[in-house]
Amino acid sequence: MTKRRDFLKYSALSASALYLNPSLLAAIESGDMLKRTIPSTGEELPAVGLGSSATFRSMARSSDASGLREVLSTLLANAGTVFDTAPGYGDSEEVAGQYIGELGLREKVFWATKMNVAGRGGGKANPERALAQIEDSFEYIGKTPIDCMYVHNLGDLETQLPIVQRLKEEGRIRYYGTTNTSERRADQLADIMRKEDLDFVGLDYAVDNRYVEEELLPLAQDRGIGVFVYLPFGRARLWGRVSGVDLPEWAAEMGASTWAQFFLKFVLAHPAVTVVTPATTSVEHMLDNLGAGVGPLPDEAMRKRMVDFVDALPS
Ligand SMILES: NC(=O)c1ccc[n+]([C@@H]2O[C@H](COP(=O)([O-])OP(=O)(O)OC[C@H]3O[C@@H](n4cnc5c(N)ncnc54)[C@H](OP(=O)(O)O)[C@@H]3O)[C@@H](O)[C@H]2O)c1
């Protein structure tokens with residue numbers, strides 16, 4: 001009942017901006033939207049969220065970014081809460097913060113952002129610049145605590161990890177971790193996962209990019225670290241591979257009616273995964289992606305079939 005009441009409250013707040021999908025709405029009301037538990041606290045999160053690099057970032061930079069407001073409304077009206085940004089994604093954080101503020105939904109969002117002033121190539125971070133960047137994020141996001149702050153791309157962890165740890169101690173953020181989407185640096189991520197009490201890691205995982213299954217995902221389970229999955233479509237890569245290819249009929253057995261749901265259900269079926277955050281600029285795609293959080297997930301045999309199917313496609 002509470003969920004229904006909250007939902008109606010949000011609808012009343014921003015009715016004209018909400019995009020409701022009847023089957024998703026039914027799933028929300030029956031409590032059928034997939035949720036996962038954050039290992040360090042037991043808090044539950046809807047397992048499908050929204051990212052903001054790639055196309056989202058380009059639209060945020062354009063003169064008319066109002067489509068992003070609709071995408072955010074759609075996420076929040078259809079049981080999603082998790083939104084992933086970074087100061088490195090151009091204007092994404094600032095534009096999204098403005099729209100979410102206008103919608104009156106700041107408290108509903110589980111907002112994960114990042115910090116890193118070390119630059120590419122393993123440079124040292126200047127702590128004053130790091131703090132200035134963090135204060136900008138607080139201003140754009142417009143709430144304290146921020147739900148999660150990552151050190152982006154393993155950037156100078158010696159300097160920057162203590163900064164986010166201190167923010168957590170001060171109650172200014174609720175969770176922290178680090179991200180990496182480079183197989184080359186997987187060992188470095190594994191080292192830090194062993195040494196530090198991270199709440200989350202963010203990493204790249206897709207049906208045709210499975211290196212994280214070897215060490216990182218089992219390690220996250222062992223160490224009680226939550227996992228954000230990035231690049232579930234490999235940005236443009238998987239779309240290129242399935243261009244002109246029909247979705248196999250057997251995808252219906254796990255409730256996937258589109259390629260996006262096929263790709264997202266594959267990663268969600270791994271038990272280490274807490275949330276997947278595909279980026280989109282399209283309301284239709286946002287609903288499609290949320291649909292992956294409804295209905296069955298593939299079992300091991302089905303996952304093997306999915307891998308074999310995709311591996312056989314030209315890359
Ligand atoms: N190191 C890091 O910390 C790191 C690195 C990479 C990514 N990330 C995070 O992970 C998020 C996801 O990664 P990503 O944005 O690079 O790539 P992605 O989510 O794998 O792919 C995004 C692409 O898929 C398209 N798309 C989304 N939903 C679709 C659907 N249902 N049907 C057809 N096309 C669809 C989008 O286009 P449309 O706009 O047309 O839908 C966009 O071109 C990022 O936005 C970011 O938040 C973090």
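The values are calculated or read from the model by the stated rules, or taken from the named source; none is laboratory data. All of these numbers come straight from a predicted model, not from anything done at the bench. Positions of Cβ are backbone-derived with ideal geometry, glycine not excepted, and every protein chain shown enters the neighbour counts.
Can you tell me which residue in the stretch 179-205 is farthest from the ligand (Cβ to nearest atom), limited to those that are touching a Lys or Arg at 6+ places or on another chain (Cβ under 9 Å) and part of a helix (DSSP H, G or I)? Explain how you work it out, then say what you get.
Initial filter on the stretch 179-205 (touching a Lys or Arg at 6+ places or on another chain (Cβ under 9 Å)): 179, 193-194, 197-199, 202.
With the extra rule that they be part of a helix (DSSP H, G or I), the set shrinks to 193-194.
Numbers: 193: 15, 194: 20 Å.
Going through the qualifying residues, I end up with 194.
Which of the numbered conditions does residue 284 fail, given that it passes all the others? Conditions: (1) of a type outside the set (Gly, Ala, Ser); (2) more than 9 Å from the ligand (Cβ to nearest atom); (3) at pLDDT below 95.
(2) is the only condition that residue 284 fails.
Can you tell me how many residues within the stretch 1-51 are closer than 21 Å to residue 285 by Cα, modelled with pLDDT of 95 or more and among the small types (Gly, Ala, Ser)?
Selection size over the stretch 1-51: 3.
Conditions (1) over 28 Å from residue 271 (Cβ atoms); (2) crowded, with 17+ Cβ neighbours inside 10 Å; (3) not aliphatic (A, V, I, L, M), marked per residue:
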site	(1), (2), (3)
28	no, yes, no
43	no, no, yes
48	no, yes, no
51	no, yes, yes
101	yes, no, yes
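Kindly provide the set of residues from the stretch 111-153 that are aromatic (Phe, Trp, Tyr) and crowded, with 20+ Cβ neighbours inside 10 Å, ordered by number.
Here is the first cut: in the stretch 111-153, the residues aromatic (Phe, Trp, Tyr) are 111, 138, 140, 150.
Passing the criteria: 111, 140, 150.
Per-residue answers, yes or no, for (1) within 22 Å of the chain's Cα centre (by Cα); (2) buried (at least 21 other Cβ atoms within 10 Å of the Cβ); (3) part of a helix (DSSP H, G or I):
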residue	(1), (2), (3)
234	yes, no, no
239	yes, no, yes
247	no, no, no
253	no, no, yes
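Looking at the structure I just gave you, is residue 36 over 21 Å from residue 137 (Cβ atoms) and either in contact with a strand residue (DSSP E or B) (Cβ under 9 Å, 6 or more places away or on another chain) or not in a loop (DSSP other than H, G, I, E, B) (or both)?
Yes, satisfied.
Hey, among 310, 294, which residue is at pLDDT 95 or above, on the phi < 0 side of the Ramachandran plot, surrounded by 19 or more Cβ atoms within 10 Å (Cβ to Cβ) and not small (Gly, Ala, Ser)? I'd like the intermediate steps shown before the answer.
Numbers: 294 fails: at pLDDT 95 or above.
Matching residue, one of 310, 294: 310.
Restricting attention to the stretch 234-241, does a residue exist that is touching a residue at least 40 places away in the same chain (Cβ under 8 Å) and more than 10 Å from the ligand (Cβ to nearest atom)?
Looking through the stretch 234-241, at least one residue is touching a residue at least 40 places away in the same chain (Cβ under 8 Å) and more than 10 Å from the ligand (Cβ to nearest atom).
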